[in-house]
Ligand code: 9MR
């Protein structure tokens, strides 16, 4: 019983308080599994132990022989190797990776409600390797980076990071992954509890507060711009969420469901490659619940997103959709792009007329190191792919639909200059209406720099502005709630000022509702607490609009 052994191993490994290192006892090789979800389910179907339940759990792997406790995640093959170690003898080689999340994984249920520290040494031709943690809260699964380690092909790099696992998390799995699919060597991996350990045998259920007497953001801001939120269909199963979204927001963005990996139909496409060669098959099951909710409750929708390097399956970019082969040529990819945009826009308008008023046509095309990101769109179509995408979007968008470019850190000077450079021809062609400022920021980001950047997009390109994914990570002090509240207040006051000065800011969207459902929940970046009680951040937004100078 390999799985039982893994569990026993986690429980019985060295018990340390604080974040000091632990030695790994030898264990048996991981069990077989074929897919991400199958692997995840398998590792969670462990029998519960009782004796050491209150002892802090430790995962610790020296990979010094063939007995390791790592479980496969995805299609990988795991091999103990003596050739390449970071320390002592031996390391683990992970290969045959077909998805970014393919790697190794560990059951981490016992870390619930505690802060953990994960550490590891990695060697890979991938530019970076991550230790991540997956868990579900209220049926909503999130995938969070604990630490991202910059890696080299010929020597090991070590990294460590801390992460607080929420009390209401279930199905907690720590895993190793990387965006690109090259093999990964791991050595000296450990995960341990920081500080005092508290044992939560199961997820602590959230007791939601009554939110019906809150002032309403959408009402308070109605003379200025729309206030939006990002949704997932799981959240719409919960009455408290259904209520608060309706009361507070008049715009929503589907956080994941409209992305290419959710729309593109791989099975159908590859069953008849000839038929779908220039127009990959699409399916829309994932968007219906959220779009129904928006339509029935009077919210408009920002369509997010048509072209992106992320959450877009790789097979789309290959000749005959065959990942093992060559990349498809420019003409083929232009046809696939045109038809994808056409099919998505036409289906949406036909089924939900007038609901999606805005599309993020291209997302995150600027490279963090300058210039354009060398995404698969860039590699296959070429550097005019953004112009092409907006040309097609304009061709198929219903009249009055606004077409946006959307990016993060777009207030930073270099990135802004790059964005302005590649959007200029799109503006000149008349195919873009707006600039989406994602705004994943934190309390140390200069609000005046941000606002100056916003002004510059308008001055240089004449674009309408949406704040599309606002969240503000908390500071480190004990008074972080108040500090964050003051930040939200000042941010919104300045946005309102710019709006008064004639900058066409037409919506501000928060990237999620409560901190629990944020993509970076451990940074507590949103305006409602987990139980939907209001944070100073919410009050700050209300005060900003009520007390305008
Ligand atoms: O909120 C989204 C999260 O649930 C997904 O796991 C993640 C995967 O890439 O995407 C998140 O949304 C992103 C958005 O689509 C584009 N800007 C960055 C957002 C946060 O990663």
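Once Rh for the stretch 343-496 is found with the Kirkwood sum over Cα pairs, what is the Stokes-Einstein diffusion coefficient at 20 °C and 1.002 mPa s, in µm²/s? Stokes-Einstein gives a translational diffusion coefficient of 128 µm²/s. Only Cα pairs under 8 Å and 6+ residues apart enter the sum, and on that basis the relative contact order of the stretch 330-406 stands at 47 percent.
Using only C-alpha positions, report the orientation-averaged shadow area of the convex hull of the stretch 478-549, nm², one decimal. If you wrap the Cα atoms of the stretch 478-549 in a convex hull and average its projections, you get 5.2 nm². Annotation: the antiparallel percentage among DSSP beta bridges lying fully within the stretch 439-549 is about 10. Take the Cα coordinates of the stretch 144-186, assign each an equal point scatterer, and use the Debye formula without solvent to give log10 I(q)/I(0) at q = 0.14, 0.24 Å⁻¹. Once normalised to I(0) and log-transformed, intensities are -0.44, -0.99.
Restricting the count to DSSP beta bridges whose residues both fall in the stretch 216-305, what percent are antiparallel, rounded to a multiple of 5? Antiparallel bridges: around 10 percent, rounded to the nearest 5. D by Stokes-Einstein for the stretch 428-498, Kirkwood Rh over Cα pairs, 20 °C, 1.002 mPa s: 161 µm²/s.
Between residue 271 and residue 490, the simple spin-label model (points 7 angstrom out along Cα→Cβ) gives 5.7 nm. When only alpha carbons of the chain are considered, Rg and Dmax amount to 24.1, 70 Å. In percent, rounded to a whole number, the relative contact order of the stretch 436-549 is 29, using alpha-carbon pairs under 8 Å and six or more apart. Site pair residue 182 and residue 414 shows an inter-label distance of 2.2 nm when each label is modelled 7 Å from Cα along Cα→Cβ. Between residue 549 and residue 296, take the C-beta separation as r, use R0 = 45 Å, and let me know the FRET efficiency to the nearest 0.05. Efficiency, from the Cβ-Cβ distance: 0.70. When the helices of the chain are scored as -39500 (n - 2.57) per DSSP H run of n ≥ 4 and the total is divided over every residue, the value at 222 nm lands at -9000 deg cm²/dmol.
Remark on the stretch 243-381: hydrodynamic radius 16.0 angstrom, per the Kirkwood mean of 1/r across alpha carbon pairs. The percentage of C-alpha pairs in the stretch 148-237 whose separation is greater than 22 Å is 61%. Taking the DSSP beta bridges with both ends in the chain, the antiparallel portion is around 60 percent.
In a fully extended conformation the segment linking residue 476 and residue 210 would gain 92.8 nm over its present Cα-Cα distance, using 0.36 nm per residue. The slack in the chain from residue 234 to residue 164, taken as 0.36 nm per residue of separation less the alpha-carbon distance, amounts to 22.9 nm. So if R0 is 25 Å, what FRET efficiency would residue 66 and residue 261 give, r being the distance between their Cβ atoms, rounded to the nearest 0.05? Calculated transfer efficiency: 0.10. Based on C-alpha pairs under 8 angstrom that are at least 6 apart in sequence, the chain has a relative contact order of 11 percent.
For the stretch 375-446, the alpha-carbon coordinates run over 41, 31, 21 Å along the three principal axes, in decreasing order. Starting from the 7 Å offset along Cα-to-Cβ, what nm value, one decimal, do you get for the label separation of residue 89 and residue 77? With each label placed 7 Å out from Cα toward Cβ, I get 2.4 nm.
Read-outs: derived from the displayed coordinates by stated rules, not from any lab. Note that this is a predicted model, so its numbers are computed, not measured. Methodologically, a virtual Cβ is constructed for each residue, glycine included, from the backbone with ideal geometry; neighbour enumeration extends over all protein chains shown.
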